[in-house]
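Beneath this line is the structure, given in structure tokens, with notes to follow.
The values are calculated or read from the model by the stated rules, or taken from the named source; none is laboratory data. Fair warning: this is a prediction, and the values are worked out from it, not measured in the lab. FYI the Cβ positions are ideal-geometry reconstructions off the backbone, even for glycines, and counts take in every protein chain you see. Remember, those area values only see protein heavy atoms, side chains included, never the ligands or the DNA or RNA. Shrake-Rupley method; radii C 1.70, N 1.55, O 1.52, S 1.80 Å.
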Amino acid sequence: MTTPVIAIHGGAGTISRNSLTAEEEARYHEALAAIVGAGQAVLNAGGSALEAVTEAVRLLEDCPLFNAGHGAVYTSEGKHELDACVMSGADLASGAVACVTNVRNPVLAARAVMEKSEHVLLVGAGAEAFAARNGVATVGPEYFHTDARHEQWLRVRGQSRAMLDHDAASFVFAHKDAPAGVAEKAPIDPDNKFGTVGAVALDRFGNLAAATSTGGITNKQPGRVGDSPLIGAGCYANNATAAVSATGTGEAFMRTVACHDVGARMAYAGNTLEQAAQAVVFQQLPKVGGRGGLIALDAQGNLALPFNTEGMYRAYGRGELAPVTAIYAAQA
Ligand code: ASP
């Protein structure tokens, strides 16, 4: 029997060591440890990798610290459009939803698409109707609101470009016209959450799975879909290579098909998981200006958690061992 492993991320970005107070840091570590612990509990009770990543991402979506589900970012029209994907490495089964506005847990809708439809990706109103028909909980738009996200959007609204959470925070920090007090506040605001959420897991039967969920990027155009719900770009799992979930500048992850590229390098070039993940994050993504990171896990239980930003909220747990959590570079 394989020792089960699970890893999660809560987004990558400009998270410098002096931008979070000790108390704020503690909140993130606590949330990450609790959620990875819940995923470990699923695996240790004999649950599948698919069940574990679904549960971990569901909890990350419910946690307002992270940009997915409750606490998602705002579009240029002041609304929320959510994307999610889930994939099983045993049979390459996959399901995804994009641009949903009333699904409480987009990862559960993605799972329903995978298990209860003949399709892989449903978007917009069709995805919402399918989710409701299949018993996935729906909510009003106010459910996704958090004051911090709303304030963040108000600051960048009217700018012609969309921004990653972390970019929005840095932009405000640097912008000469930022309102008084905001310029200093933005990067240290504990509620200025960074990026997408995701999970990868290996179960005791040797199966891999991955899941990714996001609110996308602040001030994005209505209808914009990023990498997160696209198989191979922001999410991928194949027992023969790896389970991978990404966070960062979505368009770059789409153009480099980043998560699939990790597996392809292992399959075709004989890379180890570590070599493949490093090449994608430090060589391929930067070629197209890609910033962010990914979590990757192979069927032997090797883990790689590389990122080319200052930090990435991340955690992992092996078997019954206590969860390991980290935020900045040069940690776990
Ligand atoms: N990759 C996500 C997107 O582009 C955003 C993020 O990870 O911060 O939608």
Open item on the list: For region 242-270, give me each residue that is open to solvent by less than 10 Å² (accessible area, probe 1.4 Å) and more than 16 Å from the ligand (Cβ to nearest atom).
Closed with: Ala242, Ala243, Gly263
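Conditions tested, residue by residue: (1) modelled with pLDDT under 95; (2) more than 19 Å from the chain's Cα centre (by Cα).
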position	(1), (2)
Ala180	yes, yes
Val200	no, no
Ser213	no, no
Pro229	no, no
Asn238	no, no
Phe253	no, no
Val281	no, no
Val288	no, yes
Task: Residue that is most open to solvent (accessible area, probe 1.4 Å) [pool: residues in region 271-323 that are over 14 Å from Ala201 (Cα atoms) and of a type in the set (Lys, Arg)] - done: Lys287
Open item on the list: Here is a check on your reading of the model: is Gly89 open to solvent by less than 30 Å² (accessible area, probe 1.4 Å), under 25 Å from Ser48 (Cα atoms) and modelled with pLDDT of 95 or more?
Closed with: yes
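Kindly indicate whether Val86 is of a type outside the set (Ser, Thr, Tyr) and in a strand (DSSP E or B).
Yes; evaluated as a whole, the condition is true for this residue.
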Open item on the list: Please go through (1) within 12 Å of the ligand (Cβ to nearest atom); (2) within 25 Å of Ser19 (Cα to Cα) for Ile327 and return the number of the only condition it doesn't satisfy.
Closed with: (1)
Open item on the list: For region 215-231, check the following and say yes or no: at least one residue is out of contact with any Cys (no Cβ under 8 Å at 6 or more places or on another chain), farther than 30 Å from Ala148 by Cα, touching a residue at least 12 places away in the same chain (Cβ under 8 Å) and buried (at least 24 other Cβ atoms within 10 Å of the Cβ).
Closed with: no
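Could you count how many residues in region 213-246 are of a type outside the set (A, V, I, L, M, F, W, C) and more than 22 Å from Asn302 (Cα to Cα)?
As a first pass, look at region 213-246 and keep what is of a type outside the set (A, V, I, L, M, F, W, C): 213-216, 218-224, 226-229, 232, 234, 236, 238-239, 241, 245.
From what's left, more than 22 Å from Asn302 (Cα to Cα): 213-216, 218-224, 226-229.
So the count comes out to 15.
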Open item on the list: Out of Ala210, Ala201, I need the residue that is under 25 Å from Val5 (Cβ atoms) and either in a loop (DSSP other than H, G, I, E, B) or away from the ligand (no atom under 16 Å from the Cβ) (or both). Which one?
Closed with: Ala201
Open item on the list: Checking Asn67 against (1) at positive phi; (2) assigned to a loop (DSSP other than H, G, I, E, B): exactly one of these is not met. Which one?
Closed with: (1)
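Among the residues of region 232-241, which ones are part of a loop (DSSP other than H, G, I, E, B), away from the ligand (no atom under 14 Å from the Cβ) and buried (at least 23 other Cβ atoms within 10 Å of the Cβ)? It would help to see each step written out before you state the result.
We begin by selecting, within region 232-241, every residue part of a loop (DSSP other than H, G, I, E, B); these are 232-234, 238-241.
Subsequent filtering for residues that are away from the ligand (no atom under 14 Å from the Cβ) retains 238-241.
Passing the criteria: Asn238, Thr241.
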Open item on the list: All but one of (1) in contact with a helix residue (DSSP H, G or I) (Cβ under 6 Å, 6 or more places away or on another chain); (2) at pLDDT 95 or above hold for Asn67; state the number of the condition that does not hold.
Closed with: (2)
Open item on the list: If the requirement is being buried (at least 24 other Cβ atoms within 10 Å of the Cβ) and over 24 Å from Glu151 (Cβ atoms), which of these qualifies: Ala68, Ala33, Ala96?
Closed with: Ala96
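Going through region 71-82 one residue at a time, which ones are in contact with a helix residue (DSSP H, G or I) (Cβ under 7 Å, 6 or more places away or on another chain) and not in a loop (DSSP other than H, G, I, E, B)?
Looking only at region 71-82, we keep the residues that are in contact with a helix residue (DSSP H, G or I) (Cβ under 7 Å, 6 or more places away or on another chain), and these are 71-74, 78-80, 82.
Across region 71-82, the qualifying residue is only Leu82.
Kindly indicate whether any position in region 122-136 is surrounded by fewer than 18 Cβ atoms within 10 Å (Cβ to Cβ), at pLDDT 95 or above and β-branched (Val, Ile, Thr).
Within region 122-136, the first condition is being surrounded by fewer than 18 Cβ atoms within 10 Å (Cβ to Cβ), and the residues that meet it are 123-126, 129, 132-135.
In the following step, the residues that additionally are at pLDDT 95 or above were identified as 123-126, 129, 132-135.
Narrowing the set further to residues that are β-branched (Val, Ile, Thr) leaves 123.
Yes, the conditions are met somewhere in region 122-136.
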